[in-house]
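The values are calculated or read from the model by the stated rules, or taken from the named source; none is laboratory data. A quick note: this is a predicted structure, and the numbers were derived from the prediction, not measured. A quick note on method: Cβ atoms are made from the backbone with ideal geometry, for glycine too, and the neighbour counts reach across all protein chains shown.
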Number of protein chains: 2
Amino acid sequence: MELIENANKEAVRRMLAAEPILVDVVPAGDIVPDLHDQMILHAGPPTEWCRMCGPMQGAISGIAVFEGWAKDLKQAATAAAAGHFSFDANHHHDAVGPMTGMTTASQPVLVVENQKTGNQSYCTINEGLGKVMRFGGNDAEVLNRLAWIRDTLGPALGSALRDVGGIQLKPLIARGLSMGDEMHQRNVACSGLFLRAVAAAITKTNSDTRKISEVLDFISANDQFHLNIAMAMGKAIMDPVSHIEGSSIVTAMSRNGTDFGIRVSGTGNEWFTAPVEMPEGLYFAGYSEVDANPDMGDSTIIETIGLGGFAMGASPAVAGFVGAGAASEAAQYTRSMGEICASENPEWTIPALDYLGVPTGIDIRLVVDSGITPTINTGIAHRQPGIGQVGAGVVRAPMACFEKALQRLAEKLGIG
Amino acid sequence: MELIENANKEAVRRMLAAEPILVDVVPAGDIVPDLHDQMILHAGPPTEWCRMCGPMQGAISGIAVFEGWAKDLKQAATAAAAGHFSFDANHHHDAVGPMTGMTTASQPVLVVENQKTGNQSYCTINEGLGKVMRFGGNDAEVLNRLAWIRDTLGPALGSALRDVGGIQLKPLIARGLSMGDEMHQRNVACSGLFLRAVAAAITKTNSDTRKISEVLDFISANDQFHLNIAMAMGKAIMDPVSHIEGSSIVTAMSRNGTDFGIRVSGTGNEWFTAPVEMPEGLYFAGYSEVDANPDMGDSTIIETIGLGGFAMGASPAVAGFVGAGAASEAAQYTRSMGEICASENPEWTIPALDYLGVPTGIDIRLVVDSGITPTINTGIAHRQPGIGQVGAGVVRAPMACFEKALQRLAEKLGIG
């Protein structure tokens, strides 16, 4: 149908024309629209306390204590259950967050501006691995780290980014793809490239060498530091792709630990949800499937822009980490995702595949017709609050989301 | 012959057992054995002024001015021609140097210690790309940069390395191989990993934030910063492999811009030389083959330990940079080099080749029998002094070196 084809061409054109720049780090309360006091933004499509999974409830309790809205985790959980806090999806506030995806007013957020269209997107700063709030951690160690991020790391990064005039993210991602990153479960190259881009400016714009050393050490020690930057970038690229009449291109994929939801350009802000699936993957020592929470987080915005599981061919080393088979077979994931996408990205290419562009623009028609659902590289949280990450794996987006979205799009176009 | 087989097994065992640690940066005059005043160490097998190529003569003149042994380049060249300076090969002083390979007393050197055997090796710090002394550059810009390296960068790196207790290089290289580096013409991943390993310590052990910022900026801006670290590591690994009776394993490959020379374990310190070949490669804008100097530098120690051209399969992106054909064909170089090597390195593996170890231990018998000579990824210098790098390419080690070495080994074993 020509309307859909033309709409999808426009969707892909907007994706490829995006100019995402990481421009600043500022407190969420100063910049995230409609983020008020006692309000907690979370990952995934909208949900409510009684439907939230264990790690998300744990994170909610933790962040309420962190913000000073409760004196301890127990009081926080009681207040949450009693409706004392407002909840909403990050995606409804120009934001994204990994795993539990807690965004509250005092936390610093990375600001990515799409300079082609002028919109901005926001994501908190990556806390590192193990027992961290995004995986449901909520004890003193977790909250103290968040306080240090708020008081030291955030301001230091903000001043450095303003000093360098922002960092262009498209060339950084292009380079990372030539260095084995797929930007979802493997960000070691981009994290190093990011450090190179800001290390001197962090030093130049701050005077306390002890604090500078702490900041450089924190960034240096975290292989996934760049994940949250890539997520804010993904949101900044995809938001202007929304609301194109007739377009069947996916503009967001996201999960809250209970539901998997997608949004599609031609159906605007509507979520199409289905029960989220369990990742299949590899577990850290001492953990197994019985400990795993179902899939969670806004980080699937990475796959929405053609990276993560879609760019597996760039990252043979990640295949082993997420239990996706032999390294030499990683390219098959990329080729398979090419079957459900409208185009390829000529600026984000995979050297080992003779510079094939990553699959770009998930078309719900192709998903439904082919029976191939998006492959997602994901971290695995413990199902109980307070524990943290227990593994990493591969998960599929549920087909029902795409079927529902296609039905709704057809209704809108009067071709039901 | 059993003596040779057993000797080669011991040679490979020593290569794989090496524990190279980057421990310090100190002035060459304080640590390089027998490096006296008015003495200049150069790359490649030994040579003399009248046989040196243009860029090496240019570098000699420049370093003599830098050291204060001549008031200008003309006086320096006259003094060099008159025999006022002593010349010797870096390799005769536990050292290596890229391209022209100038090592003199006041320059800081990276110190790599092989903690398995206790020996140390030395290499100056990488100056960056373009017009630099290793490519024959010698004007005020080049000499001022060397002065800053001597006065600011070297001491800052030394204090940082002592603070962190040194950096283990084998795991760093292993990681770099999973990130697209082959460590000769592509070091962007390892340079980033190195920055991550020292950035916080540089800040912690220095107080002048302006100087710290300069140092972090210099390391961050140089994709080849890690090359010289890899070279010192290569020398530290291979020196203990020398002097094994009967071994036909290559312990060094090196070139001075006129001669290509190799050393073989069973023939000790003897050099086997042949005229060096011209690289085939790609030229920077404005330059072509007519500008190119023949191949030069001690950096072939990288291939001697199984990296560089031998690890091309890890680095599809470098294939295009050095003009080695399609990215997807990079693996063929690695497989071909496997045919002339005694073993593979189980700790340095290539994810895309399902973790095949890099080819390890070049056996001169296999080179001569197969007719396959080592593939080297190399930079190309302008043939005239004072200009610098004009391209990058691939070059083959001359077969005559291996034939001469094999004849000499046979004579020593009485099997002429």
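The table below gives the values:
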read-out	value
Tally, over the range B:334-350, of residues that are crowded, with 23+ Cβ neighbours inside 10 Å and part of a helix (DSSP H, G or I)	2
A:Gly391, sole failed condition from (1) out of contact with any Lys or Arg (no Cβ under 9 Å at 6 or more places or on another chain); (2) away from chain B (no Cβ under 14 Å); (3) within 13 Å of A:Gly306 (Cβ to Cβ)	(3)
Those strands (runs of 3 or more DSSP E) lying entirely in the range A:48-133 with at least 3 residues in contact with a helix residue (DSSP H, G or I) (Cβ under 7 Å, 6 or more places away or on another chain), touching a residue at least 24 places away in the same chain (Cβ under 8 Å) and within 24 Å of A:Thr378 (Cα to Cα)	A:108-114, A:120-124
Long-range neighbours under 7 Å by Cβ, at least six apart or interchain, first residue under 12 Å from A:Ile305 (Cα atoms) within the range A:8-20, second among the hydroxyl-bearing types (Ser, Thr, Tyr) and assigned to a helix (DSSP H, G or I)	A:Ala11/A:Ser265
The listed residue being surrounded by 24 or more Cβ atoms within 10 Å (Cβ to Cβ), farther than 30 Å from A:Asn6 by Cα and within 14 Å of chain B (Cβ to nearest Cβ), out of A:Ser207, A:Ser191	A:Ser191
Test: B:Ser343 is touching a strand residue (DSSP E or B) at 6+ places or on another chain (Cβ under 6 Å) and modelled with pLDDT of 95 or more	yes
Selected residue (only one of A:Gly97, A:Gly83, A:Gly54, A:Gly44 is under 15 Å from A:Gly257 (Cβ atoms), surrounded by fewer than 18 Cβ atoms within 10 Å (Cβ to Cβ) and not polar (S, T, N, Q))	A:Gly54
Selection status of B:Ile364, buried (at least 20 other Cβ atoms within 10 Å of the Cβ) and under 18 Å from B:Gly323 (Cβ atoms)	no
Filtered residues of the range B:317-348 (kept if under 26 Å from B:Ile380 (Cβ atoms), more than 13 Å from every other protein chain (Cβ to nearest Cβ) and among the aromatic types (Phe, Trp, Tyr))	B:Tyr333
Pick from the range B:301-333, criterion surrounded by 24 or more Cβ atoms within 10 Å (Cβ to Cβ) and hydroxyl-bearing (Ser, Thr, Tyr), ranking: farthest from B:Leu227 (Cα to Cα)	B:Tyr333
Flag for A:Ser159 being within 26 Å of A:Ser191 (Cα to Cα), crowded, with 21+ Cβ neighbours inside 10 Å and either of a type in the set (Ser, Thr, Tyr) or in contact with a Phe, Trp or Tyr (Cβ under 6 Å, 6 or more places away or on another chain) (or both)	no
Single residue of the range B:334-367 satisfying the filter (touching a residue at least 40 places away in the same chain (Cβ under 8 Å) and among the hydroxyl-bearing types (Ser, Thr, Tyr)) that is nearest to A:Ile350 (Cα to Cα)	B:Thr349
Test result for B:Val164, within 11 Å of another protein chain (Cβ to nearest Cβ) and more than 29 Å from B:Gly393 (Cα to Cα)	yes
Candidate set: the range A:321-330, residues that are part of a helix (DSSP H, G or I) and in contact (Cβ under 8 Å) with a residue 12 or more places away in the chain; chosen: the one farthest from the chain's Cα centre (by Cα)	A:Ser328
Scope the range B:287-310; condition without any contact (Cβ under 8 Å) to a residue 60 or more places away in the chain and not acidic (Asp, Glu); matching residues	B:Ser288, B:Val290, B:Gly306
Filter pass, A:Ile229 being in a helix (DSSP H, G or I), crowded, with 24+ Cβ neighbours inside 10 Å and within 12 Å of chain B (Cβ to nearest Cβ)	no
When residues of the range B:292-316 are limited to those that are charged (D, E, K, R) and in a helix (DSSP H, G or I), the one nearest to the other protein chains (Cβ to nearest Cβ)	B:Glu303
The range A:241-291, subset among the hydroxyl-bearing types (Ser, Thr, Tyr) and assigned to a strand (DSSP E or B), residue farthest from A:Cys53 (Cα to Cα)	A:Thr251
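This table checks each residue for (1) buried (at least 23 other Cβ atoms within 10 Å of the Cβ); (2) away from chain B (no Cβ under 14 Å); (3) touching a residue at least 24 places away in the same chain (Cβ under 8 Å); (4) more than 16 Å from the chain's Cα centre (by Cα).
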| position | (1), (2), (3), (4) |
| --- | --- |
| A:Met179 | yes, no, no, yes |
| A:Arg186 | yes, no, yes, no |
| A:Leu216 | yes, no, no, yes |
| A:Gly261 | yes, yes, yes, no |
| A:Met278 | no, yes, yes, yes |
